[in-house]
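Trainee: Let me begin by handing over the structure; questions about it come next.
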Amino acid sequence: DYFFSPAKLSSITPSEMESFLGRHLQGHHLPNMNERCRLWNELGASLSENFEGRATRLLDEANGSAPRLVNLLVQFFPGFRDETLYNNHWVALYKRAQIATGDLNAALQLNLQDMDKLTTFADYRVPQVLRHWGVLEYDAVLAEAVDTMQELDPNSQEEVSIRAATVVAVDEIALKLGNGMTAVKLDWHLWQVGEQMNQAGQLEP
């Protein structure tokens, strides 16, 4: 089987994956290999079970719709379910599913419809930029935790608040800019700006 075929991915071991990637990453080591491999196993198994072992079948099921592709990824691949309980309400951010959809759309020139329905990919770099520009403001306790590089627990109230506020802020900026600007396009721009600022030592935590 082709190395990245669903059949191969569903059964590959961490050592096999690390050996393969080691030959192509020029000495770079990917962390969390066990978790990465678990997700690859999950991806391969679900493609085999639900999409005839073909990623193209998954794309066919999306029927040219970006939101539908996001929903399919979330429905059939648990690793894409970026959900958490916040103040007794379920919050779904779906960062991975939306990034995958955006990357597939760009790489394969799918011209998916309704890309404007996707949100920014709630990660760490974009909120850094928004905070630097004064778009996001943290309360004193959260600001101290972030400024002193304290790791926020995944799915904690603090982490979810930052990510959710980032989604809202980027949506509002994109709406204000108009002229076909979408949250996905703005996310890409903000990420690039953030990377440049970080490399220049101009970006706070």
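Each value in this text was obtained by applying a stated rule to the coordinates, not by laboratory testing. The structure displayed is predicted, hence computed values, not measured ones. Ideal geometry is used to build each Cβ from the backbone, glycine not excepted, and the neighbour counts take in all protein chains shown.
Trainee: Less than 16 Å apart at the alpha-carbon level, and either on another chain or at least 8 residues along: which lysines does that give for K117?
Mentor: K95, K176, K185
Trainee: Set the Förster distance to 22 Å, then compute FRET efficiency between R57 and L30 from the Cβ-Cβ distance, nearest 0.05.
Mentor: E between R57 and L30, to the nearest 0.05, is 0.20.
Trainee: Of N34, A66, Y86, whose Cα points farthest to the positive end of the dipole of the chain (charges on the beta-carbon: +1 Lys, Arg; -1 Asp, Glu; origin at the Cα centre)?
Mentor: My answer, from the dipole projection, is A66.
Trainee: Give, in whole angstrom and from largest to smallest, the semi-axes √(5λ) of the equivalent ellipsoid of the range 1-121, with λ running over the eigenvalues of the Cα gyration tensor.
Mentor: So the three semi-axes of the range 1-121 are 25, 19, 15 Å.
Trainee: Still on this structure, I have one more. To check my understanding: the extent here is largest minus smallest coordinate of the Cα atoms along each principal axis. What are those three numbers for the range 119-205, in Å, largest first?
Mentor: In descending order, the Cα extents are 39, 30, 20 Å.
Trainee: Could you list D82, D114, D147, D187 in order of exposure, starting from the residue whose Cβ has the fewest other Cβ atoms within 10 Å?
Mentor: Ascending number of Cβ neighbours within 10 Å: D147, D114, D82, D187.
Trainee: A follow-up question, please. Order by neighbour count: F4, F80, fewest other Cβ atoms within 10 Å first, most last.
Mentor: In increasing order of surrounding Cβ atoms, one gets F4, F80.
Trainee: Could you pull out the longest piece of the chain with no exposed loop GluC sites (Glu not before Pro) in it, calling a site exposed if DSSP puts it outside H, G, I, E, B and it has at most 11 other Cβ atoms within 10 Å?
Mentor: Longest run free of exposed loop sites: 1-136.
Trainee: Further, regarding this structure: Expressed as a rounded percentage, what relative contact order does the chain have, with Cα pairs under 8 Å and six or more residues apart?
Mentor: For the chain, the relative contact order is 16 percent.
Trainee: Run through the range 1-86 and list the trypsin sites (Lys or Arg not before Pro) located in a DSSP loop whose Cβ has at most 12 other Cβ atoms within 10 Å.
Mentor: R23
Trainee: For the range 119-205, what's the relative contact order in percent, using C-alpha pairs closer than 8 Å and at least 6 residues apart?
Mentor: Answer for the range 119-205 is 48 percent.
Trainee: With N residues in the range 54-125, what two-decimal value do you get for its Cα radius of gyration over 2.2 N^0.38 Å?
Mentor: Scaled against compact globular proteins, the figure is 1.13.
Trainee: For every helix of n ≥ 4 consecutive DSSP H residues, a contribution of -39,500 (n - 2.57) applies; sum these over the chain, divide by its total residues, and give [θ] at 222 nm rounded to the nearest 500 deg cm²/dmol.
Mentor: Mean residue ellipticity, 222 nm, calculated: -17500 deg cm²/dmol.
Trainee: To continue, here is another question. Could you give the dipole magnitude of the chain about its Cα centre, charging the beta-carbon of Lys and Arg +1 and that of Asp and Glu -1, in debye to the nearest 20?
Mentor: Taking the Cα centre of the chain as origin, the dipole is about 620 debye.
Trainee: Also, quick follow-up: Would you please report the Å³ per residue occupied by the convex hull of the alpha carbon atoms in the chain?
Mentor: 155
Trainee: Next up: Please list the non-local residues whose amide H lies under 5 Å from the amide H of Y86, H modeled 1.01 Å from N, same-chain partners needing a gap of 5 or more.
Mentor: Sorted by chain and number, the residues that satisfy this are V91.
Trainee: Let me ask you something else. What length, rounded to one decimal in nm, is gained on full extension from W191 through to S19, with 0.36 nm per residue of separation minus their alpha-carbon distance?
Mentor: Result for the pair: 58.8 nm of gain on full extension.
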